[in-house]
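The values are calculated or read from the model by the stated rules, or taken from the named source; none is laboratory data. Everything numeric in this text was worked out from a predicted model, so none of it was measured. When we count neighbours, we look across all protein chains shown, and the Cβ atoms used for this are built from the backbone with ideal geometry, even at glycine. Quick note on the areas: whole protein, heavy atoms, side chains included, nothing else; ligands and nucleic acids left out. Shrake-Rupley method; radii C 1.70, N 1.55, O 1.52, S 1.80 Å.
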Amino acid sequence: MEQITIDQVQKQLERFLNKDVYVHLETTNGAYASHNNDKAYNVGAFIRNAQVNYKHAKIVGSGNAFRVGLKLDIGWIYAEGLSQYEVDDNDRLLMAGHDREGRLMVALEISETPFTY
Amino acid sequence: MSFVEKHVVVIYPHPDDEAFGASGTITKFREQGVPVTYLCGTLGEMGRNMGNPTFANRETLPEVRKKELIDACKVLDVELKMLGYRDKTLEFESRDEIAEHLKGLIETIEPSLVITHYPGHAVHPDHDALGAAAIEAVKRIETNRRPNVWAQAISRNHLEELGEPDISIDISPFFKKKMQTILAHHSQAQGVLGSMNPETDDIEAIAKERLGNEQFYTWNF
Ligand SMILES: [Zn+2]
């Protein structure tokens, strides 16, 4: 993955406009957060292969912290803390944010074909 | 402590659980000529560690970890079976179905010992769920053919709640192999050992202290 630049990722987001696409959205602080630190909470959520069709998309932010919003007919998809992206061999747009140790904290991925499940 | 085992089956959900949890014990069995089979529940598809610096992403991680798992099992010289469940979802699957799946495999392999996580004391929901299913599977085997079970607890309060584990394996003679197995899980090892600096820290000394013994509770059916 490489560092996000708004121009590049904005173009990629627009590639999927008005198409039926599959989304993977995830955030996590790991299954061991409260094991390693009893003041911490385990929090996480993911949705894999949500089928959506978005009409409008925007990436905002700077430096190491970008936000992406996808506007749906009757709702939104939102991710915060993205810093890296990649267009993989299957033409999927993968975006993620990692902590200092390289651990994934948030991911938003868009594809025209389903993600493996 | 010495054992006479016919065959040992290790049941954990993630590639690397065998390395951190039982690779010393596994090595001890292998050096005695005991066959060991690792039934690995998932490919750790939802792991957070992507290497440091990152070299995997959410979509490449399953293949990366599958390769690491195969390499680790080569280091340990154990047979590997991947069970094909998905990381983080084991607790939501039917306990009954997983137990039947495992029971079929155990009845084919006919081990004398099964090693798994101690349900309720294994911290990660996948550990608890697969440990519970493994114990249920063994419970369903008729008593005269039933293998022993060693259950591994890693919760902070397991000593208070369960007492001292009755099985404690000093793995210091097998420590090199344990480190090799952990390091085979390249994408994950740094997440756990990564705070150490190989230039300045005596990694072996630190890891020996942290990972010096492998302990288990004999399950009472
Ligand atoms: Zn695990």
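In Å², what does the accessible area per residue of chain B work out to with a 1.4 Å probe?
Result: 44 Å² of accessible area for each residue.
By the scheme Lys and Arg +1, Asp and Glu -1, what is the net charge of all other residues having a beta-carbon under 9 Å from that of A:Lys58?
So the surrounding residues net to +2.
Mean shadow of chain B, computed from the convex hull of its alpha carbons, in nm²?
Spelled out: convex hull of the Cα atoms, projected over all directions, averaged, 11.9 nm².
Alpha carbons only, please: Rg and Dmax for the stretch A:2-111, in angstrom.
So, for the stretch A:2-111, Rg and Dmax equal 14.5, 45 Å respectively.
Please tell me the relative contact order of chain A in percent, rounded to the nearest whole number, where contacts are Cα pairs under 8 Å and at least six residues apart.
It rounds to 29 percent for chain A.
With every protein chain kept in the model, how would you rank B:Asp170, B:Asp126 by accessible area, 1.4 Å probe, largest at the top?
From most accessible down to least: B:Asp170, B:Asp126.
Find, among the GluC sites (Glu not before Pro) in the stretch A:12-117, those assigned to loop by DSSP (not H, G, I, E, B) with at most 16 other beta-carbon atoms within 10 angstrom.
Loop-located and lightly packed - A:Glu101, A:Glu112.
So which residues of the stretch A:1-40 lose at least 30 Å² of accessible area, probe 1.4 Å, when you go from the chain by itself to every protein chain present?
The answer is A:Glu26, A:Thr28, A:Ala31, A:Tyr32, A:His35 - residues whose exposure falls by at least 30 Å² when every protein chain is included.
Given the pairs A:Lys39/A:Lys71; B:Lys67/B:Lys88; A:Lys39/B:Lys103; A:Lys39/B:Lys74, which span a C-alpha to C-alpha distance of over 31 angstrom in this model?
A:Lys39/A:Lys71; A:Lys39/B:Lys103; A:Lys39/B:Lys74
Skip the ligands, DNA and RNA, and give the accessible area per residue of the stretch A:51-117 with a 1.4 Å probe, whole Å².
Value for the stretch A:51-117: 53 Å² per residue.
With the cut-off at 25 Å, report for the stretch B:68-194 the share of all Cα pairs above it, as a whole percent.
33 percent
Arranged from highest to lowest average of other beta-carbon atoms within 10 Å per residue, in what order do the peptides B:183-189, A:1-7, B:49-55 appear?
In decreasing order of mean packing, B:183-189, A:1-7, B:49-55 become B:183-189, B:49-55, A:1-7.
What share of all Cα pairs of the protein assembly as shown, in percent, falls into each consecutive 20 Å distance bin?
29, 52, 18, 1
Largest first and in whole Å, give the semi-axes of the stretch B:20-113's equivalent ellipsoid, each being the square root of 5 times a Cα gyration tensor eigenvalue.
Its equivalent ellipsoid spans semi-axes of 25, 20, 10 Å.
Please calculate the 1.4 Å probe accessible area of A:Phe46, with all protein chains present, and give it to the nearest 10 Å².
Accessible area, nearest 10 Å²: 80 Å².
Once A and B are treated as a pair rather than alone, how much accessible area drops out, both sides summed, in Å² to 100, probe 1.4 Å?
2000 Å²
Peptide A:99-112: average number of partner chain Cβ atoms within 10 Å per residue?
Mean inter-chain Cβ contacts per residue within 10 Å come to 4.
Give the residues of the stretch B:35-67 whose amide nitrogen is closer than 18 Å to a point set 7 Å from the Cα of A:Ala33 in the direction of its Cβ.
Once the point is set 7 Å along Cα→Cβ of A:Ala33, B:46-50 turn out to lie under 18 Å by backbone N, inside the stretch B:35-67.
With +1 assigned to the C-beta of every Lys and Arg and -1 to the C-beta of every Asp and Glu, and no other charges, what is the dipole magnitude of the stretch A:2-111 about the Cα centre in debye, to the nearest 20?
That gives a dipole near 340 debye.
Report the relative contact order of chain B, percent, no decimals, based on alpha-carbon pairs under 8 angstrom and at least 6 residues apart.
27 percent
Any chance you could check the stretch B:61-90 for residues losing 40 Å² or more of accessible area when the partner protein chains are in, compared with the chain on its own (1.4 Å probe)?
Buried on complex formation: B:Arg86, B:Lys88.
Roughly how crowded by other chains is peptide B:44-51, in terms of the mean Cβ count from those chains within 10 Å of each of its Cβ atoms?
Across the residues of B:44-51, the mean count of other-chain Cβ atoms within 10 Å is 6.
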